[in-house]
Amino acid sequence: MSTGQGFTSQTLGWRAWLDVVPLAQATPAQTAVLETSHPQAKTSDYYLLLVHEAEILRQRSGAFNSIMYAPGGLSRAERELASTVVSRVNGCVYCASVHAQRFQQLAKRDDVIQQIFADPETAGTTERERAILRYAIDLTLHPESIDPQSLDGLRRVGLDDTQIVDLSHAIAIFAWANRLMLTLGEPVIPAQP
């Protein structure tokens, strides 16, 4: 599925605009960081670019993996949903596609993803989804507007304090992740058959 704005849930590539570390020339420390960062890190321009600063990548991967994959708290699907809308709002086609796919795999549906790609401001199939998406959009575009009432809106749809913290972490890490993706390279859309 794709939209006129270029947002899609199909698998995309990503091409770095700066030189990447050729895997054959990576130091043992760089290789070790790649091995613990992501299953495809050794073949990804993104990771092969970021591994120039291996310690920063190690810290980034640790934080990212803890935020997105830690057990308990907000469901994995809802973390992916928030990541998708943040990426859509920030204009990161690559990240939106990756996290849309993950949401679809976990939730076994794509209705809300289609809505996010078409118009994130009106997306959501339930009151809970709409509250999560609204909070994600507000925290992304107007972080200064977040106040206790913003959190009360999340509590009204059933989120507890731990889930709100998890949601805030997922949204915040994508402010960082999207900006790296958008300023260091570009998505690669597969050729149509």
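See the values below:
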quantity: Answer from GLU35, GLU53 - the residue that is out of contact with any Phe, Trp or Tyr (no Cβ under 7 Å at 6 or more places or on another chain) and closer than 21 Å to ARG179 by Cα; calculated: GLU53
quantity: Residue match in segment 172-188 (condition: among the acidic types (Asp, Glu) and more than 14 Å from the chain's Cα centre (by Cα)); calculated: yes
quantity: Sole exception among (1) surrounded by fewer than 24 Cβ atoms within 10 Å (Cβ to Cβ); (2) among the aliphatic types (A, V, I, L, M); (3) in contact with a helix residue (DSSP H, G or I) (Cβ under 9 Å, 6 or more places away or on another chain) for ALA136, by number; calculated: (1)
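Laboratory data are not the source of any read-out in this text; all were calculated from the coordinates shown. Please read these numbers as outputs of a predicted model, since none were measured by experiment. Please note: Cβ atoms are built from the backbone with ideal geometry, for glycine as well, and neighbour counts cover all protein chains shown.
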